[in-house]
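These notes are about the structure you will find just below.
The values are calculated or read from the model by the stated rules, or taken from the named source; none is laboratory data. This one's a predicted model, so the numbers in the text were calculated from it and none came from an experiment. Glycine also receives a Cβ, built like all others from the backbone with ideal geometry; neighbour counts cover every protein chain displayed.
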Amino acid sequence: MSKRTIVAMPGDGIGKPVLEQAIRVLDAAGFEANYVHGDIGWEFWCKEGNPLPDRTIKLLEEHKIGLFGAITSKPKDKAAAELAPELQGKGFQYYSPIVSMRQRFDLDICMRPCMTFKGNSLNFIRRGKGGSIEEPAVDVMIFRQNTECLYGGVEWTNPPDQVYDALMTHPKFKENFARSPREELAVSTRIFTKKYTTRIVRAAFEYAKKRGFDTVTVCEKPNVVRETSGMMLKVAQELAKTEFQGIRVEDVNIDAMMMWLTKNPEKYHVVVAGNMFGDIVSDGFAGLVGGLGFACSANIGEKVAVFEPTHGSAPKYAEYPESIVNPIAMVLSACMMLEHIGEKAIAAKIYKAVADVVAEGKTLAYDMLKLTGSPEVLKQGAASSKQMADEIIRMLK
């Protein structure tokens, strides 16, 4: 049986060391694959005016599966200033390469699991009756619509005539915003389509059914953002009636959700949201189970899937002589990849090894020790990225 080929896209900053360590863990667990390097990130924006080069797109089209580290993104003006001199003033515009990748390959289903590891000192705790300390077990999957909403990229500063004239047909715009000079207006759209809203909501119901959960929580804001949030809630209610009888729909506004998740997070198991609110609520839940060092994700389309930690590139950490970054989020993202391609036994083995390392509590990355990131943390007892991977590999054996 031929080896599977994985497109390895380290990207920027700490994406490089964490991806390297995750591949070491995959090798040690017995996953046999060929890894082809994919160029992506800030370096290629600066040199080529394209942070997602066509050659990387072709690799993903061919091999279908990608492991991705992290990217650096900067505001419009800074991005333009860092372009190579010969490219400046030639109409190049920076767009996030991971957002572009999601849209290019219709990676519309984003899954972000947040699960408690026993023994993790970063786990959420609360006061119980009589002043007792409770540590609720968090087990939630966030389904985030990945290609639409505010991240769709349909936006303008000083909107052109056709856009401005269309906006003026809406009484709310005419009443509240027409008083501002057009050149001082910035407009971003929040677009939902029924096709992709239905796909993400159905994926959430199917996961709930598979895991035996009886509730899907829609985390939006339909009482204010009536059209888009309202569409997602309506689709969920219709699916509950027609296809998933026995699974009820719970409607929780995003602002209320951020309060409830720190009061009774064990109540929630399947949450579905649009792009922006899904991003927010998944980071909120991640904070309850250890933070971004434990936050993994899958971006899944009908043909291509890309797996990544949800942390950023933290460029200053990449300059340290030895990487201090916790690679567990990247390792868990690799586990999600394995599950997606049917290598469930290897995924389970790696997941157990991670859980065993955390439970043992002897080898801890700087974030698990609650230290501020700096090269000095290694002298304070924190494990390096490589040492964390070494311990996972030891547990595998």
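Considering I341, I280, which residue is aliphatic (A, V, I, L, M), touching a strand residue (DSSP E or B) at 6+ places or on another chain (Cβ under 9 Å), surrounded by fewer than 19 Cβ atoms within 10 Å (Cβ to Cβ) and over 23 Å from L26 (Cβ atoms)?
Among I341, I280, only I280 is aliphatic (A, V, I, L, M), touching a strand residue (DSSP E or B) at 6+ places or on another chain (Cβ under 9 Å), surrounded by fewer than 19 Cβ atoms within 10 Å (Cβ to Cβ) and over 23 Å from L26 (Cβ atoms).
Looking only at segment 60-89, how many residues end up being among the acidic types (D, E) and touching a Ser or Thr at 6+ places or on another chain (Cβ under 7 Å)?
Residues flagged as among the acidic types (D, E) and touching a Ser or Thr at 6+ places or on another chain (Cβ under 7 Å) within segment 60-89 amount to 0.
List the pairs whose first member sits in segment 99-118 and is over 11 Å from S297 (Cβ atoms), whose second member is in a helix (DSSP H, G or I) and charged (D, E, K, R), and whose Cβ atoms are under 7 Å apart, counting only residues at least 6 apart or on separate chains?
That search, which allows pairs on different chains as well, returns D108/R199.
Condition check ((1) assigned by TED's automatic domain parsing to the domain that holds A314; (2) loosely packed, with under 12 Cβ neighbours inside 10 Å; (3) within 15 Å of the chain's Cα centre (by Cα)) across all residues:
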residue	(1), (2), (3)
G49	yes, no, no
L67	yes, no, yes
P75	yes, yes, no
K90	yes, yes, no
I133	no, yes, no
V140	no, no, yes
Q145	no, no, yes
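Can you report the number of residues in segment 9-26 which are under 12 Å from S385 (Cα atoms) and of a type outside the set (A, V, I, L, M, F, W, C)?
Number satisfying all stated conditions: 6.
Of all helices (runs of 4 or more DSSP H) completely enclosed by segment 47-127, which ones contain at least 3 residues that are in contact with a Leu (Cβ under 7 Å, 6 or more places away or on another chain)?
Where helices (runs of 4 or more DSSP H) fall fully within segment 47-127 and carry at least 3 residues being in contact with a Leu (Cβ under 7 Å, 6 or more places away or on another chain), they are 97-104.
Looking only at segment 272-296, count every residue that is in contact with a Leu (Cβ under 9 Å, 6 or more places away or on another chain) and either outside any helix (DSSP H, G or I) or under 21 Å from R199 (Cβ atoms) (or both) and tell me the total.
11
Give segment 7-65 a look and list any residue that's touching a Lys or Arg at 6+ places or on another chain (Cβ under 7 Å) and within 20 Å of S323 (Cα to Cα), or say none.
P10, Q21
Go through A33, A28, A22 for me and flag whichever is surrounded by 24 or more Cβ atoms within 10 Å (Cβ to Cβ) and within 23 Å of K397 (Cβ to Cβ).
A22
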